[in-house]
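J.: My structure is below; once you've seen it, I'll send some questions.
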Amino acid sequence: MDDRNGWGRNRPEPTGSPHDPPTSFVEQATVTNAADDEPLDAQFEDAWPACWERAADLLSWDEAYDTVLDDSNAPFYRWFTGGELNASYNCIDRHLEAGRKNHAAIRWEGKRGERETYTYQDLFVAVNEFAAALRELGVEADDVVTIYLPMIPELPIAMLACARIGAPHSVVFAGLSADALATRMDAADSEYLVTCDGYYRRGDAFNQKSKADNARLAVEQDVETVVVDRLGEELPHVLGDDEWDYHDLCAEFAGASVEPVSRDAEDMLFLMYTSGTTGDPKGVVHSTGGYLAQIAWTARSVLDIQPADTYWCAADIGWITGHSYIVYGPLALGTTTVMYEGTPDYPDRDRLWEIIDRNAVDIFYTAPTAVRAFMKWGTEYPDRHDLSSLRLLGSVGEPISPRPWRWYYEHIGDGECPIVDTWWQTETGAIMVSTLPGVDPMKPGAAGPPLPGIEVAVVDEDGNEVDPGKAGYLTIPRPWPAMARTLYDGDERYRAEYWDRFSDPDADDWWYFSGDTASVDDDGYVTVLGRVDDVINVASQRLSTMEIESAIAEVDGVAETAVVGRSSERRGTEIYAYVSAAGDPSDGLRERILESVADAIGPIATPEAVVFTPELPKTRSGKIMRRLLEDIANGEELGDTSALRNPEIVGEIQSERDRS
Ligand code: WTA
């Protein structure tokens, strides 16, 4: 295991290919390889782990740290030990001190066309008032505050107010159910909840409070609840015992100022629940110092965020992407971050492009599932708007296959904007694998090399590195500052979930296992193939459903696809493909799909069945419900489908399956 390839250490030189970083971009990029300097990778490598001081230098520390990395109790690594800082101070106060109080911090675009701008001074006032209110309710440092809010400004304000008084927040995505909320509050022993009366979903008012009420009934502990009145007259705002109106509370503390609490670098900044391979959701614990340092560094070097920019990450703050790259990263750098409450197709399918046009957005970061939807809707929507303000595009959340990549590059970026395909996870906290947009050529379909200071390795069952081009397990053999520190449910589970599989404790050699499969090419570029649980065995051949999906997605006329396994006596597993078509599927599309898969991977991977459906079933956060599709393919009893955004699609798919 010690014989490491050193992947990503030999980045390819630009070759004059169309996917070299555009010159206009490089000329202004925040991070480049200066001609007279050693390449960044080498600089990081020579000084590892001290290289991470550069990231820490982007922050303001109350107390300087003594040690960059303490690995004496691996895999429970500690970063910047002895250092003290406050996240809310770093995201707000220091920008005021730098004379930037009137700079826009948050531009909020509401679902009904409402618009609000919070300058850094406005944000300072709002966060201080709510921090004072939380204290009044009894919140002390280290108390976990659960936040169950949609994409309204009170969400980041509440997060930063918690951070100000040293109370870790646990944000639960607003679209999750009452049960899910209760499980998370129970697991975190959380006695404080910030929620709202309701919110708008596509034009309709939707009751959030009743879900929160049900969750409160289900948990053991007493819960003090703060309720934001989002809907005004549309929903009666009735408050019971232990419930407080957010705006009344803040009004009570108008003008209050709350000293930011100095937190140890290793103190928990927040908890984020994420689904595991089994059972209960995992409460991923993130630190204050290491997390903020790597977030700020990656926001600057990968997303190229500069203070004068208007930056938009179109994720939801309820997930890690929003925590890191809507709230903490951009605000730590003092830029303007756009927050959008709505969906991309309401009131029309040009909504996002209209927002980019009107705000002159410089940087846009979204998920491949969104790009595939844009592609399906067609170019007429972006063509209605001036998108020339854009300088950089980002992708996150799943692999972006070459066809949507090219569509994004050409139709949104006009061939002028580099695309960063960023691989990371809730557990890694920050971006780990991506091209540096001012340095590295792009390869559509491959995320890129590991970032400077990061090491990844693709290994076989026994933990030996596989040859370039071969698939294996994606591991991280060296710690990084933003890594999860543990799981709230306990250190044992943390070790078991992430470290046991490929580490050698006797040799004190610790390899983090991501749960993903990947391959690495000769240039050190990582192509992520999918989760291990997406690996299927067809006639004893190991295939990735994602790889097959990518081959299908390449076919003209395919809008979106999901591939699952169906148990088969003959082949162990058969491949079952669901496809939503952009046009008429009867037009030889099935044949072209089979051919494309056979061409890309081999006949072994051609689907046994191709089922056409108008849409794929998705969760409210936009993830395709593969488990459900698998159950449909296997003719099994379907579980609860209430978490779906489009539950009506299930019946349609079942009858289509029966026909095919
Ligand atoms: C997948 C989201 C390919 C991967 C930040 C990972 C990706 C999981 C990419 C984490 C990418 C994320 N290319 N796959 N650029 N980014 N993934 O925790 O399977 O919601 O393990 O974090 O998303 O999802 P999570």
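J.: Of all residues in region 380-396 being within 15 Å of Tyr365 (Cα to Cα) and away from the ligand (no atom under 11 Å from the Cβ), which is surrounded by the fewest Cβ atoms within 10 Å (Cβ to Cβ)? Break it down into steps so the answer makes sense when it comes.
T.: Let us first name the residues in region 380-396 that are within 15 Å of Tyr365 (Cα to Cα), namely 387, 389-396.
So of that shortlist, the ones also away from the ligand (no atom under 11 Å from the Cβ) come out as 387, 389-393.
Working: Leu387: 21, Ser389: 16, Leu390: 20, Arg391: 23, Leu392: 25, Leu393: 22.
Checking each candidate, the answer is Ser389.
J.: Answer yes if at least one residue in region 220-230 is assigned to a loop (DSSP other than H, G, I, E, B) and among the hydroxyl-bearing types (Ser, Thr, Tyr), and no otherwise. Full working, then the answer.
T.: Kept after step one, since they are assigned to a loop (DSSP other than H, G, I, E, B), are these residues of region 220-230: 220-223, 229-230.
Right, trim to among the hydroxyl-bearing types (Ser, Thr, Tyr) and you get none.
Scanning region 220-230 turns up no residue that is assigned to a loop (DSSP other than H, G, I, E, B) and among the hydroxyl-bearing types (Ser, Thr, Tyr).
J.: Just checking, does region 156-171 include any residue being touching a strand residue (DSSP E or B) at 6+ places or on another chain (Cβ under 8 Å) and under 24 Å from Thr641 (Cβ atoms)?
T.: no
J.: What pairs come up if the first residue lies in region 146-166 and is farther than 15 Å from Asp267 by Cα and in a loop (DSSP other than H, G, I, E, B), the second is of a type in the set (S, T, N, Q) and at pLDDT 95 or above, and their beta carbons are under 9 Å apart, counting only those six or more places apart or on different chains?
T.: Tyr148/Thr195; Leu149/Thr195
J.: Quick check on region 397-442: of everything there that is small (Gly, Ala, Ser) and either within 21 Å of the chain's Cα centre (by Cα) or crowded, with 24+ Cβ neighbours inside 10 Å (or both), which residue is nearest to the ligand (Cβ to nearest atom)?
T.: Per the stated criteria, the residue is Gly397.
J.: Follow-up. Which one is nearest to His323 (Cα to Cα) among residues in region 363-401 that are charged (D, E, K, R) and touching a Pro at 6+ places or on another chain (Cβ under 7 Å)? Write out each step before concluding.
T.: Filtering region 363-401 for residues charged (D, E, K, R) gives 372, 376, 380, 383-384, 386, 391, 398.
From what's left, touching a Pro at 6+ places or on another chain (Cβ under 7 Å): 372, 398.
Numbers: Arg372: 24, Glu398: 18 Å.
Here the answer is Glu398.
The rows are residues; the columns are (1) out of contact with any Phe, Trp or Tyr (no Cβ under 9 Å at 6 or more places or on another chain); (2) assigned to a loop (DSSP other than H, G, I, E, B); (3) more than 22 Å from Trp108 (Cα to Cα); (4) in contact (Cβ under 8 Å) with a residue 60 or more places away in the chain.
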| site | (1), (2), (3), (4) |
| --- | --- |
| Met375 | no, no, yes, yes |
| Pro399 | no, yes, yes, yes |
| His411 | no, no, yes, no |
| Asp421 | no, no, yes, no |
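J.: Enumerate the pairs (first residue in region 347-369 and free of Cβ contacts under 8 Å to residues at least 40 places away in the same chain; second residue anywhere and in a loop (DSSP other than H, G, I, E, B) and within 16 Å of the ligand (Cβ to nearest atom)) with beta-carbon separation below 8 Å, excluding pairs fewer than 6 apart on the same chain, so at least 6 apart or on different chains.
T.: Leu352/Ala314; Pro368/Gly397; Pro368/Glu398; Pro368/Pro399; Pro368/Ile400; Pro368/Ser401
J.: Give the residues of region 73-117 that are basic (Lys, Arg), in a strand (DSSP E or B) and surrounded by fewer than 16 Cβ atoms within 10 Å (Cβ to Cβ), sorted by residue number. I'd like the intermediate steps shown before the answer.
T.: Pass one, region 73-117, residues basic (Lys, Arg): 78, 94, 100-101, 107, 111-112, 115.
With the extra rule that they be in a strand (DSSP E or B), the set shrinks to 78, 107, 115.
Listed by number, the list holds a single entry, Arg115.
J.: Identify the single condition in (1) charged (D, E, K, R); (2) within 19 Å of Val396 (Cα to Cα); (3) at pLDDT 90 or above that Asp508 does not satisfy, given that it satisfies every other one.
T.: Among (1) charged (D, E, K, R); (2) within 19 Å of Val396 (Cα to Cα); (3) at pLDDT 90 or above, Asp508 violates only (2).
J.: With the requirement that a residue be in a loop (DSSP other than H, G, I, E, B) and either in contact with a helix residue (DSSP H, G or I) (Cβ under 7 Å, 6 or more places away or on another chain) or not assigned by TED's automatic domain parsing to the domain that holds Cys162 (or both), what does region 241-258 give you? Don't jump to the end; show me each part of the working.
T.: Within region 241-258, the subset in a loop (DSSP other than H, G, I, E, B) is 241-242, 253-258.
Result: Phe253, Ala254, Ala256, Ser257, Val258.
J.: Still on this structure, please answer the following. What tally of residues in region 562-598 results from selecting those that are free of Cβ contacts under 8 Å to residues at least 24 places away in the same chain and not in a loop (DSSP other than H, G, I, E, B)?
T.: Qualifying residue count for the region: 5.
J.: Quick one: would you say Gly290 is of a type outside the set (S, T, N, Q), touching a Lys or Arg at 6+ places or on another chain (Cβ under 9 Å), in a loop (DSSP other than H, G, I, E, B) and away from the ligand (no atom under 13 Å from the Cβ)?
T.: Values: of a type outside the set (S, T, N, Q): yes; touching a Lys or Arg at 6+ places or on another chain (Cβ under 9 Å): yes; in a loop (DSSP other than H, G, I, E, B): no; away from the ligand (no atom under 13 Å from the Cβ): yes.
So Gly290 does not fit the description; no.
J.: Could you run through region 17-66 and say how many residues are of a type in the set (S, T, N, Q) and surrounded by 13 or more Cβ atoms within 10 Å (Cβ to Cβ)? It would help to see each step written out before you state the result.
T.: Taking region 17-66 and keeping what is of a type in the set (S, T, N, Q), we get 17, 23-24, 28, 30, 32-33, 43, 60.
When the remaining residues are screened for being surrounded by 13 or more Cβ atoms within 10 Å (Cβ to Cβ), the result is 30, 32-33, 43, 60.
Result for region 17-66: 5.
J.: Please indicate, with yes or no, whether at least one residue in region 612-632 is of a type in the set (A, V, I, L, M), farther than 26 Å from Val172 by Cβ and under 29 Å from the mean Cα position of the chain (by Cα). Write out each step before concluding.
T.: Taking region 612-632 first, the residues of a type in the set (A, V, I, L, M) are 616, 624-625, 628-629, 632.
Imposing the further condition that a residue be farther than 26 Å from Val172 by Cβ reduces the set to 632.
With the extra rule that they be under 29 Å from the mean Cα position of the chain (by Cα), the set shrinks to 632.
Yes, some residue in region 612-632 is of a type in the set (A, V, I, L, M), farther than 26 Å from Val172 by Cβ and under 29 Å from the mean Cα position of the chain (by Cα).
J.: On to the next question. Show the residue pairs that are 6+ apart or on different chains and have beta-carbon atoms under 6 Å apart, the first residue being within region 508-529 and under 20 Å from Phe76 (Cβ atoms), the second being of a type outside the set (A, V, I, L, M) and near the ligand (Cβ under 9 Å from one of its atoms).
T.: What qualifies is Gly515/Arg531.
J.: Name the residue, out of Gln294, Gln306, that is modelled with pLDDT of 95 or more, in the same structural domain as Thr32 (by TED's automatic domain parsing), crowded, with 21+ Cβ neighbours inside 10 Å and of a type in the set (S, T, N, Q).
T.: Values: Gln306 fails: crowded, with 21+ Cβ neighbours inside 10 Å.
On inspection, the qualifying residue turns out to be Gln294.
J.: Moving on. Looking at region 453-460, can you tell me whether even one residue there is on the phi > 0 side of the Ramachandran plot, away from the ligand (no atom under 12 Å from the Cβ) and not basic (Lys, Arg)? Spell out the reasoning first.
T.: Our first condition is that a residue be on the phi > 0 side of the Ramachandran plot; within region 453-460, this holds for 453.
Now restrict to residues that are away from the ligand (no atom under 12 Å from the Cβ): 453.
Now restrict to residues that are not basic (Lys, Arg): 453.
Looking through region 453-460, at least one residue is on the phi > 0 side of the Ramachandran plot, away from the ligand (no atom under 12 Å from the Cβ) and not basic (Lys, Arg).
J.: Among the residues of region 128-143, is there at least one that is surrounded by 23 or more Cβ atoms within 10 Å (Cβ to Cβ), part of a loop (DSSP other than H, G, I, E, B), aromatic (Phe, Trp, Tyr) and at negative phi?
T.: Within region 128-143, none of the residues are surrounded by 23 or more Cβ atoms within 10 Å (Cβ to Cβ), part of a loop (DSSP other than H, G, I, E, B), aromatic (Phe, Trp, Tyr) and at negative phi.
J.: All but one of (1) more than 16 Å from the ligand (Cβ to nearest atom); (2) under 15 Å from Ser170 (Cα atoms) hold for His323; state the number of the condition that does not hold.
T.: Of (1) more than 16 Å from the ligand (Cβ to nearest atom); (2) under 15 Å from Ser170 (Cα atoms), only one is false for His323: (1).
J.: Using beta carbons and a limit of 6 Å, which pairs, at least six apart or on different chains, have the first residue in region 316-331 and in the same structural domain as Pro153 (by TED's automatic domain parsing) and the second one surrounded by fewer than 24 Cβ atoms within 10 Å (Cβ to Cβ) and of a type in the set (Phe, Trp, Tyr)?
T.: So the pair list comes out empty.
Quick grid of which residues meet (1) without any contact (Cβ under 8 Å) to a residue 24 or more places away in the chain; (2) exposed (fewer than 14 other Cβ atoms within 10 Å of the Cβ); (3) closer than 28 Å to Thr366 by Cα:
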| site | (1), (2), (3) |
| --- | --- |
| Ala600 | no, no, yes |
| Pro607 | no, no, no |
| Lys618 | no, no, yes |
| Ser621 | no, no, yes |
| Glu630 | no, no, yes |
| Gly635 | yes, yes, no |
| Ser642 | no, yes, yes |
| Glu648 | yes, yes, yes |
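J.: Still on this structure, please answer the following. Applying the selection to region 298-315, what residues are within 16 Å of the ligand (Cβ to nearest atom) and either free of Cβ contacts under 8 Å to residues at least 40 places away in the same chain or among the aromatic types (Phe, Trp, Tyr) (or both)?
T.: Passing the criteria: only Ala299.
J.: Condition (residue is modelled with pLDDT of 85 or more, closer than 22 Å to Ser514 by Cα and not acidic (Asp, Glu)) applied to region 531-543: is it met by at least one residue? Write out each step before concluding.
T.: We begin by selecting, within region 531-543, every residue modelled with pLDDT of 85 or more; these are none.
Checked region 531-543: no residue is modelled with pLDDT of 85 or more, closer than 22 Å to Ser514 by Cα and not acidic (Asp, Glu).
J.: Considering only residues of region 259-287 that are among the polar types (S, T, N, Q) and in a strand (DSSP E or B), which is modelled with the lowest pLDDT? Let's see the steps before the verdict.
T.: First, pick out the residues of region 259-287 that are among the polar types (S, T, N, Q): 262, 274-275, 277-278, 287.
Add one more test, that the residue is in a strand (DSSP E or B), and what stays is 274, 287.
Working: Thr274: 82, Ser287: 98.
Here the residue is Thr274.
J.: Still on this model: Taking region 43-71 on its own, how many of its residues are in a loop (DSSP other than H, G, I, E, B), in contact with a Lys or Arg (Cβ under 8 Å, 6 or more places away or on another chain) and without any contact (Cβ under 8 Å) to a residue 60 or more places away in the chain?
T.: The qualifying residues number 1.
The values are calculated or read from the model by the stated rules, or taken from the named source; none is laboratory data. All of these numbers come straight from a predicted model, not from anything done at the bench. Virtual Cβ from ideal backbone geometry, glycine too; neighbours counted across all protein chains shown.
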